[in-house]
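Report on the following structure.
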Amino acid sequence: MTVYEHLPHPHIASRDAQGPVKVTDQLPVGNAVTRFNTRIAILITRAVGSMWCAYAFALFDLISLPDAIRGGASAIVSWVAQTFLQLVLLSVIMVGQNVQAAAADKRAAATFHDASATLHEVAHMQAHLAAQDALLSRIAERVGVEPLPVDGTSSGGAAGEVNGVPGQAAGD
């Protein structure tokens, strides 16, 4: 008699087959126009989201700084807010987001590998418990005792009952 039969969740097999999610998995695989547009968008994002682009924007913005200085305080404030901050910070923020995304990808991969290792260990524990169940079933046969099913139901009543008396444990 088998006391316990392990039924693995179907998600485990599909997760093992797929592996961790990567950015390239998220790219469109549709028609040629969609793939082309995605590649162009990625190239532009990589270029604008670099510190070299931020430096280039800063140098480009400095060309108009002398005119802003001649225009007075309000022109300087306007130049800083509308020109320098918008252009330079755009690239700097994108660089920061790229760094954070890379860190998030590493965390996600580590979590995937931790979960895989945990599932592996649980599978070994299940095999160990199955071996114990088999041994206990053989011992129960020799002693002349019927092993109890795992779900807790037995012919003797609900859990915590002995001979129909609630709250009484075996040996009381």
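The values are calculated or read from the model by the stated rules, or taken from the named source; none is laboratory data. In this text, all values refer to a predicted model and were calculated from it rather than measured experimentally. Please note: Cβ atoms are built from the backbone with ideal geometry, for glycine as well, and neighbour counts cover all protein chains shown. The accessibility values were calculated without ligands, DNA or RNA, using every heavy atom of the protein model including side chains. Shrake-Rupley method; radii C 1.70, N 1.55, O 1.52, S 1.80 Å.
Candidates in segment 93-110 are the residues that are open to solvent by 50 Å² or more (accessible area, probe 1.4 Å) and of a type in the set (Val, Ile, Thr); of these, the one that is farthest from Ile44 (Cα to Cα) is Val99.
For (1) over 30 Å from Ala108 (Cα atoms); (2) open to solvent by 50 Å² or more (accessible area, probe 1.4 Å); (3) within 41 Å of the chain's Cα centre (by Cα), each residue gets a yes or a no:
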residue	(1), (2), (3)
Asn31	no, yes, yes
Phe36	no, yes, yes
Arg46	no, yes, yes
Ala54	no, no, yes
Ala58	yes, no, yes
Leu65	yes, no, no
Ala75	yes, no, no
Leu87	yes, yes, yes
Ser91	no, no, yes
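Here His113 meets each of (1) more than 30 Å from Arg15 (Cβ to Cβ); (2) open to solvent by 60 Å² or more (accessible area, probe 1.4 Å) with one exception, condition (1).
The set of residues in segment 139-150 that are surrounded by 12 or more Cβ atoms within 10 Å (Cβ to Cβ) and assigned to a helix (DSSP H, G or I) comprises Ala140, Glu141.
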